[in-house]
Amino acid sequence: MEKLLDDYKERLKSTRGYDEDFAQTLSILADDLTEYYGEEYETLIYDTILSTEYTKADLKKGSIVYETAFDILDKKGLLDDTVDKKECDTEFRRNGTISVVKPKLQKTDDGYSVNGIERETVLPYYFNSENPASIGILARETMSHISSALGTYEVDGNALMQRQGIRKTTYILKGEKKTVVEETGIGLEEGMLRYDELCFMRENYDSNYEPTGFSNTRIVAGFLSDNLGLRDIIKEARMTKDISTLKSVIDANTTNGYEDFMRQLDEMYRLERETLENVLDPEEFLVASNKRDEFYADIIASNVGQLEANIKKEEVITSGYRKS
């Protein structure tokens, strides 16, 4: 295994130009993620990391000011009309990193085709492979690329569907313009990313590791995953983009079914994000945090409780889905 990791490290260095330290960090991460997700995903994990370019922000040329995420993505030609400069850099500062997946689109007689995919993760200038906080954001962003690696894009005429795990974003294409018309599943997908970040880091790097932000979203994802025994079903849905088993479980055990439950988790994520965006304005922060807490108590807790009660009444239904 050591020889294989060393060979992989050399491939990362020769393909991407990483230095010895960062290539070693990625090689160890690939090995640890394979153990975390399962050996059946080994090729997917190693190929995804190799096909992703990781860039650490540096000083602007001839300046004492560091590059922003927008600077780096713009320089690499990875921006389009859906990216707002202020929002991009705010996201970078808030999360400590930002990732972009961009399709190489080609116009055809009946619409468009995807002829390749570019994956990029921008890391902050203070990234340090000896710091668990830095490894945590590196792991989370890598996990986001892994969950989107299979079935990332689907084109139907002028409609482009992008999938990152359970999250599905639909765009309408018109010339060079790309307009978002629908997005679903972001709540559960982001919650699982942060819950996986927590579990992975505590297992492999720091037993006291604690992710920042989106705690309600993460807690619900963790409860569904481990307390209700849905971990394998959720993982399969995220990796393969086949949500049929997960949907059947949610449909069978909630009053309004899968789509409504996903919308509720999406709204919970939106309210948590709104709270974080207002953290420097005490009045707006209080309003946002109250809305977040009320929605969690009145809607999310009630529906998760119903799901738990119904699942615990069931015997084994499908492989990997059983009562806790």
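The values are calculated or read from the model by the stated rules, or taken from the named source; none is laboratory data. Just so we're clear, the structure is a prediction, and the values are computed from it rather than from any experiment. Glycine gets a Cβ as well: all are built from the backbone with ideal geometry, and neighbour counts include every protein chain shown. Calculation scope for accessible area: heavy atoms of the full protein, side chains included, ligands and nucleic acids excluded. Shrake-Rupley method; radii C 1.70, N 1.55, O 1.52, S 1.80 Å.
Each residue of the range 4-18 in turn: what ³J(HN,Hα) in whole Hz from Karplus with 6.51, -1.76, 1.60 and θ = phi - 60°, glycine and Pro shown as x?
Rounded to whole hertz, the list is 4, 5, 5, 4, 5, 4, 5, 5, 4, 5, 6, 7, 10, x, 6.
When only alpha-carbon atoms are used, what values of Rg and Dmax, in angstrom, describe the chain?
Using the Cα atoms of the chain, the pair Rg, Dmax is 20.3, 66 Å.
Which translational diffusion coefficient, to the nearest whole µm²/s, is obtained for the range 121-273 from the Stokes-Einstein equation, given a Kirkwood hydrodynamic radius over C-alpha pairs, 20 °C and 1.002 mPa s?
The diffusion coefficient I find is 129 µm²/s.
Residue by residue through the range 297-308, what is 3J(HN,Hα) from phi via Karplus (6.51 cos²θ - 1.76 cosθ + 1.60, θ = phi - 60°)? Round to whole Hz and write x for glycine and proline.
The phi angles translate into 6, 7, 10, 5, 4, 5, 6, 5, x, 5, 4, 4 Hz.
Which residues make up the longest stretch of the chain clear of GluC sites (Glu not before Pro) that lie in a DSSP loop with no more than 10 other Cβ atoms within 10 Å, not counting the sites?
177-314
Under 14 Å from a point 7 Å along the Cα-to-Cβ line of LYS174: which residues of the range 51-80 have their amide N that close?
From the range 51-80, the list is empty.
For the chain, what is the accessible area per residue in Å², given a 1.4 Å probe and the full set of protein chains?
50 Å²
Per residue of the chain, what 222 nm ellipticity follows from adding -39500 (n - 2.57) for every DSSP H run with n ≥ 4, rounded to the nearest 500?
Dividing the helical sum by the residues of the chain leaves -17000 deg cm²/dmol.
For the chain, what's the relative contact order in percent, using C-alpha pairs closer than 8 Å and at least 6 residues apart?
Normalised by residue count, the contact order of the chain is 12 percent.
Just grab the label-to-label distance for ILE299 and TYR125, each label 7 Å out from Cα along the Cβ direction, in nm (one decimal).
Computed distance between label sites ILE299 and TYR125 equals 4.1 nm.
No solvent, one uniform scatterer per C-alpha: report log10 I(q)/I(0) for the range 1-89 via the Debye equation at q = 0.13, 0.22, 0.23, 0.26 1/Å, two decimals.
Per q value, in the given order, log10 I(q)/I(0) is -0.58, -1.03, -1.07, -1.20.
Computed FRET efficiency, Cβ-Cβ of SER113 and GLU10, R0 51 Å: what is it to the nearest 0.05?
That gives a FRET efficiency of 0.90.
Quick check: convex hull over the Cα atoms of the range 187-324, volume per residue in Å³, rounded to an integer?
Numbers: hull volume 15.7 nm³, N = 138.
So the per-residue Cα hull volume is 114 Å³.
For the pair GLU183/GLU210, report the inter-label distance in nm, with labels modelled 7 Å from Cα in the Cβ direction.
Label-label distance for GLU183 and GLU210, simple model: 2.8 nm.
Which FRET efficiency value, to the nearest 0.05, do you get for ASP21 and ASN256 by plugging their Cβ-Cβ distance into 1/(1 + (r/R0)^6) with R0 = 35 Å?
Rounded to the nearest 0.05, the efficiency is 0.10.
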